[in-house]
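Reviewing the structure listed below.
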Amino acid sequence: MSKKIIELLSKEAQKNSEDLLWVKVVGIGNAGVGKTCLVKSFCESKFSKNYVETIGVDYGFKLHNVDGKEVRLTFWDFGGNSVYADVRKELYHQTKICILVYDVTNTSSFQALDDWLKEFESYGGKKSFFCVVGNKLDLPNKKVNRTAAEEWAKRRNMKHFLASAATGDGVSAMFTQVLTDALKSST
Ligand code: GDP
Ligand code: MG
């Protein structure tokens, strides 16, 4: 191949990679609230009943079209167990979107959101776009008051969503809305 062609090709490759929009999405919240399942549901339309605690980091990837733009989404779930606090702090950097997840049948998972937010913000995540998701909407024994959760989110300028990773209800709508809002806010 001539030098000229190689030059042209490498210029083209560089231009393409500049056009690519990578968005890092991080899910935080107590262990067991359904962070991994929400991402699996969105990325792979899959749900698993067998709980495998995230050890360290769970990762997901999806190409998604937001307002006509192709976006490369990377999802990170750093495991809710405080044993992994160091891993989380290391990886909070450059998060574009932070999704705070609680379980609608578990009050303490909702109360823990303040601490999660504090930890996240104190380790480099301040500039992220935030939202709140109450997961496991399919379960009958709901404990977290919907209005209280909506107000908690509103006071912090975040949108509040309800979803079920088990049935897929609200999952795609939530991710799509959050991505659209987040990309708008950053342009
Ligand atoms: P994580 O620790 O926050 O990542 O939680 P996981 O995504 O691993 O889910 C924890 C457990 O909750 C698993 O046993 C899942 O099967 C279950 N789970 C997750 N999402 C839902 C949901 O929407 N509905 C129900 N009923 N169970 C769920
Ligand atoms: Mg997980």
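The values are calculated or read from the model by the stated rules, or taken from the named source; none is laboratory data. Quick caveat: nothing in here was measured; it's all calculated off a predicted structure. Ideal geometry is used to build each Cβ from the backbone, glycine not excepted, and the neighbour counts take in all protein chains shown.
Filter the range 5-30 down to the residues that are modelled with pLDDT of 90 or more and either among the charged types (D, E, K, R) or within 16 Å of ligand 1 (Cβ to nearest atom) (or both) and list them by number. Hits for the range 5-30 are Lys24, Val25, Val26, Gly27, Ile28, Gly29, Asn30. In the range 142-156, the residues that are within 11 Å of Tyr102 (Cβ to Cβ) and surrounded by 15 or more Cβ atoms within 10 Å (Cβ to Cβ) form Cβ pairs under 8 Å with partners that are at pLDDT 95 or above and among the aromatic types (Phe, Trp, Tyr), at six or more places apart or across chains, as follows: Val144/Tyr102; Val144/Phe110; Ala149/Tyr102; Ala149/Phe110; Trp152/Phe110.
Residues being more than 24 Å from His64 (Cβ to Cβ) and in contact (Cβ under 8 Å) with a residue 24 or more places away in the chain are entirely absent from the range 158-173. Total residues in the range 31-75 satisfying the condition of being within 14 Å of ligand 2 (Cβ to nearest atom), modelled with pLDDT of 90 or more and in a strand (DSSP E or B): the figure is 1. Arg88 meets each of the listed conditions (1) closer than 17 Å to Lys126 by Cα; (2) modelled with pLDDT of 75 or more; (3) within 13 Å of ligand 2 (Cβ to nearest atom) apart from (2).
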